[in-house]
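Report on the structure given below.
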Amino acid sequence: MAVAFKEWASVCEALGRGEQDVIIRKGGIHEGREGFQFEHERFYLFPTLFHKQVGQVKELARHWAPDSEKKVYEVGELVEIRYCCRVLRVEALRDWEQVMALDGRHVYAESLVRERFEWEGKGMLAGAINVAYVETEELATPLVVEYKKSHGGCRSWVEV
């Protein structure tokens with residue numbers, strides 16, 4: 001088994017096309033008491049269908065979002081994984097100006113980044129956010145996985 005990081009399809013494409021080289025994350029509901037961590041040095045990018053992503057990414061990335069109004073894959077559907085990432089370094093930023101200095105390195109809308117920065121819960125403090133600086137590589141042959149119930153939910157890491 002290999003590990004994959006769940007991220008919006010539009011962000012996966014931005015990473016894969018070199019339009020983004022950081023991943024900004026606060027965490028999902030199922031991250032545990034310690035909250036979210038970049039736990040793996042290498043991982044696949046598992047594209048998610050979250051339908052509201054179009055309004056939460058910059059104009060550049062909106063056309064990479066899924067056309068469908070679907071929120072999630074159905075169990076048994078095939079998911080094509082086209083990219084993998086290698087983490088170069090990770091840091092927790094606690095200064096909004098430092099977070100804003102990353103603006104040209106990602107496609108997330110400022111309002112989304114601010115919301116994540118200010119959110120508190122699941123072991124994570126308001127006024128902080130996790131950032132991974134990554135290199136992304138396109139796979140020579142996409143990895144096709146059958147969507148399972150274990151891939152669902154608000155979690156960042158899944159096995160593929």
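General observations
- Among residues of the stretch 78-137, those that are closer than 18 Å to residue 6 by Cβ and touching a Gly at 6+ places or on another chain (Cβ under 7 Å), counted: 5
- Candidates 115, 120 - the one that is out of contact with any strand residue (DSSP E or B) (no Cβ under 9 Å at 6 or more places or on another chain), under 22 Å from residue 59 (Cβ atoms) and surrounded by fewer than 18 Cβ atoms within 10 Å (Cβ to Cβ): 115
- Boolean, residue 72 is in contact (Cβ under 8 Å) with a residue 24 or more places away in the chain, touching a Ser or Thr at 6+ places or on another chain (Cβ under 9 Å), surrounded by 12 or more Cβ atoms within 10 Å (Cβ to Cβ) and of a type in the set (A, V, I, L, M): yes
- Selection of first residues in the stretch 83-101 that are buried (at least 16 other Cβ atoms within 10 Å of the Cβ) and of second residues that are among the charged types (D, E, K, R), restricted to Cβ pairs under 6 Å at least 6 apart or on distinct chains, gives the following pairs, ordered by first then second residue: 83/138; 84/137; 87/41.
- Spans of strands (runs of 3 or more DSSP E) in the stretch 57-160 with at least 1 residues small (Gly, Ala, Ser) and modelled with pLDDT of 95 or more: 129-146
- Top-ranked residue of the stretch 15-37 - restricted to ones that are under 11 Å from the mean Cα position of the chain (by Cα) and modelled with pLDDT of 80 or more, ranked as farthest from residue 144 (Cα to Cα): 26
The values are calculated or read from the model by the stated rules, or taken from the named source; none is laboratory data. Since we're looking at a predicted model, the values are computed, not measured. A quick note on method: Cβ atoms are made from the backbone with ideal geometry, for glycine too, and the neighbour counts reach across all protein chains shown.
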